[in-house]
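I have placed the structure first, in the form of structure tokens, so that the comments after it can refer back to it.
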Amino acid sequence: MTQRVELATVMDRLAVDGLITEYAVAVDDGDWQAYRGLFTPDGRADYRSAGGIEGDAAEVAGWLAQTMELFPMRQHLIVNRLLRFGLLEHDIGDTAQVRADFVNPMRFAGHDGGSTAPDFVCGGRYDFALLRTDSGWRLRGVVVHEKWRRAPQNHQEPAAT
């Protein structure tokens, strides 16, 4: 590998990592316009393993906006990011796959009791499919694989809409 190719790969890794971080921040901050802007025009997300929906980015953003009202405090921690670049039309690095683990502490609305500690925590793995576009790296797909959750025993979890 030449130094130029190595530098391009490092720059792509940084850009992809930044996009995954932007995803987490958009969800945590409830910035649904930013969330939609992270996807390709045909981008999709699948939250079914967590009791959610699967659909295009705009549809899922609408569902998230409504559902996340139940959790005014939320914080995604996305770690152990495994990144692989792929090929598209014989050009190295036009696609990427990221598999990353997550822990997501949240707080139900109205459950303060004087505490700021989370009372709902879930964890699992994300599969991100990315595409290099003229606007930079964008998400083509996000699949959530929720593996576990901890909720207060006296609280009814919200039904998926």
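The values are calculated or read from the model by the stated rules, or taken from the named source; none is laboratory data. Remember, it's a predicted structure, so these values are computed and weren't measured experimentally. Here the Cβ positions follow ideal geometry from the backbone for every residue, glycine too, while neighbour counts run over all protein chains shown. To get the accessible areas, we keep the full protein, side chains included, count just its heavy atoms, and leave off ligands, DNA and RNA. Shrake-Rupley method; radii C 1.70, N 1.55, O 1.52, S 1.80 Å.
Results for (1) open to solvent by 40 Å² or more (accessible area, probe 1.4 Å); (2) of a type in the set (Gly, Ala, Ser); (3) modelled with pLDDT under 95, shown as yes or no for each residue.
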| site | (1), (2), (3) |
| --- | --- |
| Arg36 | yes, no, no |
| Ser49 | yes, yes, no |
| Asp56 | yes, no, no |
| Trp63 | no, no, no |
| Leu82 | yes, no, no |
| Leu88 | yes, no, yes |
Any pair with Cβ under 6 angstrom, 6 or more apart, that starts in the stretch 32-46 at a residue that is over 15 Å from Thr21 (Cβ atoms) and ends at one that is in a helix (DSSP H, G or I) and of a type in the set (Gly, Ala, Ser): Trp32/Ala61; Trp32/Ala65; Arg36/Ala57; Arg36/Ala58; Arg36/Ala61; Phe39/Ala57; Gly43/Ala57
The stretch 16-31 residues that are crowded, with 17+ Cβ neighbours inside 10 Å, paired with ones that are among the charged types (D, E, K, R) (beta carbon under 6 Å, 6 or more apart): Asp28/Arg74
Members of the stretch 134-154 found to be of a type in the set (A, V, I, L, M) and outside any strand (DSSP E or B), listed by number: Ala151
